[in-house]
Structure formats: structure tokens, C-alpha cells
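These notes are about the structure you will find just below.
The values are calculated or read from the model by the stated rules, or taken from the named source; none is laboratory data. As the structure is a prediction and not an experimental result, all values here were calculated from the model. Here the Cβ positions follow ideal geometry from the backbone for every residue, glycine too, while neighbour counts run over all protein chains shown.
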Amino acid sequence: MRLGRGWIGIAIGLGSVLWLMPVATAQDAAAADKAKIAAGETVYNTNCAICHGDNLVSSGQFPNLRRLTANDRAKFDTTVRNGRNQMPPWKDVLSDAEIDQIWHYIRANATEK
């Protein structure tokens, strides 16, 4: 009978840990997203704001990045890496991580979530 109670205790303890894991994982993900957004703002301000505007507010001469939707990710990546029209390619200037950070900053401030 004691062996049975021990296993029950282990099962309850393990169940409690597994039940709380999604909360911790969600908090870690939110913190990572905030860090990525903040880093993206820095990279944007350093490399993109001169054309696309401070705080993502375009003067109208260049595309308004706040209008990008979640479905525009591949187009965004291609355009940043390879350039398009007046925009030069940034593949030799920005790392994949920096491009990802800029994307997270844009999406966090997008007009359409």
C-alpha cells in the first residue's frame, strides 16, 4: 500500500509541474518577444528610419511599414535582403537575426494586427 501512495504523490507532483509549465513558457516567450521588439527598434532607428521615418511614420515617399500584415513576412524578408526599386539590398549589412528583430518591431506597431 505504501508503494501505491508514493506513486500517487509522484504523479500529483509531476502533474502540478506540467500544469504550471505553459504559464512559465508563455511568460518566457512574452519576455523574448519584448526583447526582440526593443532590439528591432534599435536596428530600425539605426538603419531604416532615415527613409521609412521615425517611429515607423513614413513621409509618404517610401512605403508605410505599419501597413505590413503577418502575411507579408516573406515579401518583407526578400525586399530587405535583395532591395527593390529605390531600396538597396541589406543582406550584407544586416544579419538574419536583425532582420527578424525589425520585423517584430514593425508588427508590434502595425496598424493591422
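Tabulated data
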{"read-out": "From Arg67, Arg84, residue being over 24 Å from Ala35 (Cβ atoms) and in contact (Cβ under 8 Å) with a residue 40 or more places away in the chain", "value": "Arg67"}
{"read-out": "Selected residue (criterion: nearest to Gln101 (Cα to Cα)) from residues of the range 32-68 that are at pLDDT 95 or above and of a type in the set (S, T, N, Q)", "value": "Thr42"}
{"read-out": "So Ile8, is it at pLDDT below 90 and part of a helix (DSSP H, G or I)", "value": "yes"}
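A quick yes/no check of all residues on (1) part of a helix (DSSP H, G or I); (2) at positive phi; (3) surrounded by 14 or more Cβ atoms within 10 Å (Cβ to Cβ); (4) of a type outside the set (S, T, N, Q):
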{"position": "Lys36", "(1), (2), (3), (4)": "yes, no, yes, yes"}
{"position": "Tyr44", "(1), (2), (3), (4)": "yes, no, yes, yes"}
{"position": "Cys51", "(1), (2), (3), (4)": "yes, no, yes, yes"}
{"position": "Arg66", "(1), (2), (3), (4)": "yes, no, yes, yes"}
{"position": "Thr78", "(1), (2), (3), (4)": "yes, no, no, no"}
{"position": "Asp100", "(1), (2), (3), (4)": "yes, no, yes, yes"}
{"position": "Thr111", "(1), (2), (3), (4)": "no, no, no, no"}
